[in-house]
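Data first, discussion second: the structure below is written as structure tokens.
The values are calculated or read from the model by the stated rules, or taken from the named source; none is laboratory data. Keep in mind it's a predicted model, so treat the numbers as computed, not measured. So basically every Cβ, Gly included, is an ideal-geometry build from the backbone, and we count neighbours across all protein chains shown.
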Amino acid sequence: MNAVQKQQVTHPNTWRKAFVGTIDDISSAAQWVETIAADQKFPEELVFALQVCLEELLTNVVRHGGAKSSGDLSEVPVPPLDVEISISAGAQRVSMTVEDNGKPFDVVNAPAHRIDQPLDEVQPGGLGIQLIRNFASSFAYEQAGLGNRVIVEFLL
Amino acid sequence: MKVRAGLQRRVVCKVAEDVISVDIVDLDNGITNVLLSGRMDVQGALAVDKKFSTIADEKKKVVIDLSQVTFLASLGIRTLIMSCKTLASNGGDMVLLNPQPNVEKVLRTSGVDTVIQIVRDMNAAAAIFAK
């Protein structure tokens, strides 16, 4: 049994792991998801979509989840927030759930922006949410679990 | 990177980090080629931010070769956009060269391609700078 299989809980195709809201753990979480994806032979396009959504959700947690966060990555909450990620793989869809104990933030209804202004007027911001909307099949938010829970689904 | 025969190159800088490396080469035609290799995720963007600021301040015609970039997320986009804005304000320009399909999807989904042109080869980049 490999390391990924040992983390399976409740359902044979569900994996769950706890992280903290730091930049280092964004990379650790990405590697964890990549290991599961390789083990399950997920299609390359799905792996990329999972990675994009995971990266954007965790970056949001690190930048904005703290009570006094300004969005600056040099102001990561201390102590770091708790983050729990679960991946469920079914025959027709894969879902990823990200929970955190940061301040309540309905990421689904937050403004998402595609760049559509002249270069000198572009203010990067909201691009991450725009990417999630485009790379996921569906995207839901609820206040539950650790506090914030986001469920992202991908159709196979 | 495809370079026309006879074009001289000078390696300006090579930065290697865990997740991404940057190889900067000044070509004789006045173009600076910035070859990125690795992941432009949050760690990658933070690793190259200062180098990109320097490039934007000092260069005029900048090609960002994305052919070896395997991942791009919003903070990486931010690095590209902010550098391009600085370049443009100094009378320079930036183009993106040959992104992999998934990375290109990120660029087009986010609208980056509406403010920074995507090209397939150095000749197309040179044609844009010549306009």
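Key figures
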{"item": "Hey, residue B:41 within 13 Å of chain A (Cβ to nearest Cβ), touching a helix residue (DSSP H, G or I) at 6+ places or on another chain (Cβ under 6 Å), surrounded by fewer than 19 Cβ atoms within 10 Å (Cβ to Cβ) and not aromatic (Phe, Trp, Tyr) or not", "result": "no"}
{"item": "Filter result (within 9 Å of another protein chain (Cβ to nearest Cβ) and in contact with a Pro (Cβ under 9 Å, 6 or more places away or on another chain)) within the stretch B:57-74", "result": "B:72, B:74"}
{"item": "Residue list for the stretch B:44-57, filter: surrounded by fewer than 24 Cβ atoms within 10 Å (Cβ to Cβ) and in contact with a Gly (Cβ under 8 Å, 6 or more places away or on another chain)", "result": "B:56"}
{"item": "Considering residues of the stretch A:98-156 that are among the β-branched types (Val, Ile, Thr) and within 14 Å of chain B (Cβ to nearest Cβ) only, the residue farthest from residue B:94 (Cα to Cα)", "result": "A:107"}
{"item": "Any hit, the stretch B:56-70, residues being within 22 Å of residue A:130 (Cβ to Cβ), at pLDDT 95 or above and polar (S, T, N, Q)", "result": "yes"}
{"item": "One residue from B:64, B:81, B:116, B:77 being touching a Cys at 6+ places or on another chain (Cβ under 7 Å) and within 30 Å of residue A:61 (Cβ to Cβ)", "result": "B:116"}
